[in-house]
Amino acid sequence: MNDFSAHPSARNGRPARDLRVDLGLVAAQIPASSRVLDLGCGTGTLLSYLMAERDCTGTGVEIDPQKVVRAIRRGVPVIELDLDRQLDQFSDNSYDVCVLSRTLQTIQRPAHVLKHMGRIANLMVVSVPNFGWWGHRLRLLGGHMPMSKELPYSWYDTPNIRHTTLLDLEELFDQLGFVVERKYSYTLRGRRLHMQGHISNLLAGAAVYVLRPGR
């Protein structure tokens, strides 16, 4: 596994300046003209960009009815499904790329969803906030639940139910037999970090992973 020093635009086109940091990194990993399945697509921001700028086709999956409506108004095809229970509706290898952007922490069965992603597409892009960031650790030491730009909710109204550190997540990827082709970690201000392991887990506010099914 490598934490590449090259900007993602060096591999797959220019990043999207009008997207938030993680979505710009995600978009830069997706080859032009790909068939993309965006799990937890929200209002369709990523797919709308990929369709307009990268000649991609795709489908979004979202459970929030209001977000589904907003995505459809953008011209994004969306299916209203429960990621934890209904991904078996997608056939094996039916998409080129499967995306899970800032959604892993909101689902009940992360390993189950990741397994389906590896079945549905041969390329996966996953972005996550890092619960192991040093600021979160300090808040816990002070007796409070973590809050930050990446985790902006109070404990009593958060949609996040699965908090993970980058090290724990990478262990899960290994257990599932996934190969991490690229990893981009960055600070809360969006500055790229060029490091691995425990240091990345301490300093990174979030990360984007590019994965392929392995053994």
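The values are calculated or read from the model by the stated rules, or taken from the named source; none is laboratory data. Note that the structure is a prediction, hence the values are computed from the model and not measured. Cβ coordinates were reconstructed from backbone atoms using ideal geometry, including for glycine residues, and neighbour counts include every protein chain displayed. SASA here: full protein model, heavy atoms, side chains in, ligands and nucleic acids out. Shrake-Rupley method; radii C 1.70, N 1.55, O 1.52, S 1.80 Å.
A few remarks follow.
- P(r) tail fraction, segment 128-215 - alpha-carbon pairs more than 22 Å apart, %: 28 percent
- Kirkwood Rh, angstrom, segment 72-211 [1 / mean 1/r, Cα pairs]: 16.1 Å
- Taking every DSSP bridge with both residues inside the chain, close to 50 percent are antiparallel.
- The length gained on full extension between TRP155 and ILE199, counted as 0.36 nm times the residue separation minus their Cα-Cα distance, comes to 13.2 nm.
- For the pair ALA52 and ALA32, label points projected 7 Å from Cα toward Cβ lie 1.8 nm apart.
- Evaluated with a Cβ-only charge set (Lys, Arg +1; Asp, Glu -1), the chain carries a dipole of roughly 560 debye about its Cα centre, given to the nearest 20.
- Exposed chymotrypsin sites (Phe, Trp or Tyr not before Pro) absent - longest run of the chain, DSSP non-H/G/I/E/B, at most 15 other C-beta within 10 Å: 5-152
- Relative contact order of segment 113-215, pairs being alpha-carbon contacts under 8 Å that are 6 or more residues apart, as %: 39 percent
- For the pair segment 122-186 and segment 189-210, the centres of their Cα atoms are 11 angstrom apart.
- Sequence of ILE30, ILE72 when ordered by accessible area, the most exposed leading, probe 1.4 angstrom: ILE72, ILE30
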